[in-house]
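A quick write-up on the structure given underneath.
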Amino acid sequence: MSADQDETRQRLKAAVHFTVGRLCQKLGENHRRVFSRQAIAAIAETTFRQCDIFAKDLEAFARHAKRSTVSTEDVKLVARRSTALSIYIQNKSEELNQEQRELKKKNTGKRKSRDTEEESRE
Amino acid sequence: MAEQDAEIGFRKDTVSKLLSGSFKEEKTKLSGDAALLMAEMLKVFVQEAAVRSLKQAESEDSDQVDIEHFEKVLPQLKAAVLPSLLHATSSKAHLCSSVEQQVLPACSMVPFIKASWSSWKQLE
């Protein structure tokens, strides 16, 4: 691994550590408890390593479907082992789809109104 | 950064880089939606680890959630991926040995979210 790649990894690790820290702090506040720095670091490290496993699974699933791009379907497969998680991820995926559909609608709507404006000017 | 105030989570490009870096084939890519969904997945993973550790700390009447609390919930959190977790934490000898001594269930990802929601209610 080159020094450049190594640095990117370190940065990513730091980003994960940061987010884990904030999530833990927030959850801790709700229960009037603090997470020790070591605990946060351990959770962050575990999450970081877990990413590697997730990535390998996602890649394998995509390959199996003869794709080179990982899609939301592959993510759903990664979540399949726990029913609750699987349902949660499926709902999230639908939410994402819905949002995108709405965005598209908005954009085409705008374009249409602009078209009619131009027409009326003519 | 309105997103930061509203909800804490992983950023899309962070997740994207994180996963892309681990792909074996260079041509494998990650779709935008998949990255967003994985960000959600990772958030759940962290919350699950945190809430389980919190519960463990509470059961031991500890005001601080410490590494040993996380250490105790680690096997049930991710039994299937344990080989790599062992590797991940091998620098912390005590963490490693205590995990090794546990007899592990064969399933993975255990009840995950379910546990966090029900245990939350109990805590509150």
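Residues in region A:33-53 that are in a helix (DSSP H, G or I), open to solvent by less than 20 Å² (accessible area, probe 1.4 Å) and facing chain B (nearest Cβ under 7 Å): A:39, A:42, A:43, A:46, A:47, A:50, A:51. For region A:67-76, the criterion of being small (Gly, Ala, Ser) and in contact with a strand residue (DSSP E or B) (Cβ under 8 Å, 6 or more places away or on another chain) is satisfied by at least one residue. Taking the listed residues B:13, B:61, the one that is on the phi > 0 side of the Ramachandran plot and open to solvent by 30 Å² or more (accessible area, probe 1.4 Å) is B:61, with no other qualifying. The set of residues from region A:42-75 being aliphatic (A, V, I, L, M) and in contact with a helix residue (DSSP H, G or I) (Cβ under 7 Å, 6 or more places away or on another chain) comprises A:42, A:43, A:44, A:53, A:55, A:58, A:62, A:70, A:75.
Taken over region B:16-35, the criterion of being assigned to a helix (DSSP H, G or I), within 7 Å of chain A (Cβ to nearest Cβ) and either under 9 Å from residue A:69 (Cβ atoms) or open to solvent by 20 Å² or more (accessible area, probe 1.4 Å) (or both) is satisfied by B:17, B:33, B:34. In region A:68-89, is there at least one residue being over 18 Å from the mean Cα position of the chain (by Cα) and either modelled with pLDDT of 95 or more or of a type in the set (Phe, Trp, Tyr) (or both)? Yes, there is a match, as at least one residue in region A:68-89 is over 18 Å from the mean Cα position of the chain (by Cα) and either modelled with pLDDT of 95 or more or of a type in the set (Phe, Trp, Tyr) (or both).
Taking every residue in region A:24-53 that is closer than 16 Å to residue B:44 by Cβ and small (Gly, Ala, Ser) and pairing it with any residue that is outside any helix (DSSP H, G or I) and open to solvent by 80 Å² or more (accessible area, probe 1.4 Å), at least 6 positions away or on another chain, yields no pair with a Cβ-Cβ distance below 8 Å. Scanning region A:78-112 for residues that are over 23 Å from residue A:56 (Cβ atoms) and without any contact (Cβ under 8 Å) to a residue 12 or more places away in the chain yields a total of 22. Of everything in region A:17-32 that is buried (at least 17 other Cβ atoms within 10 Å of the Cβ) and facing chain B (nearest Cβ under 7 Å), the residue that is farthest from residue B:14 (Cα to Cα) is A:31. Evaluated against (1) crowded, with 18+ Cβ neighbours inside 10 Å; (2) not in a helix (DSSP H, G or I), residue A:66 falls short on exactly one condition, (1).
The values are calculated or read from the model by the stated rules, or taken from the named source; none is laboratory data. Note that this is a predicted model, so its numbers are computed, not measured. Using ideal geometry, Cβ is built from the backbone for each residue, glycine included, and neighbour counts are taken over all protein chains shown. In case anyone asks, the SASA skips ligands and DNA or RNA and just uses the protein heavy atoms, side chains included. Shrake-Rupley method; radii C 1.70, N 1.55, O 1.52, S 1.80 Å.
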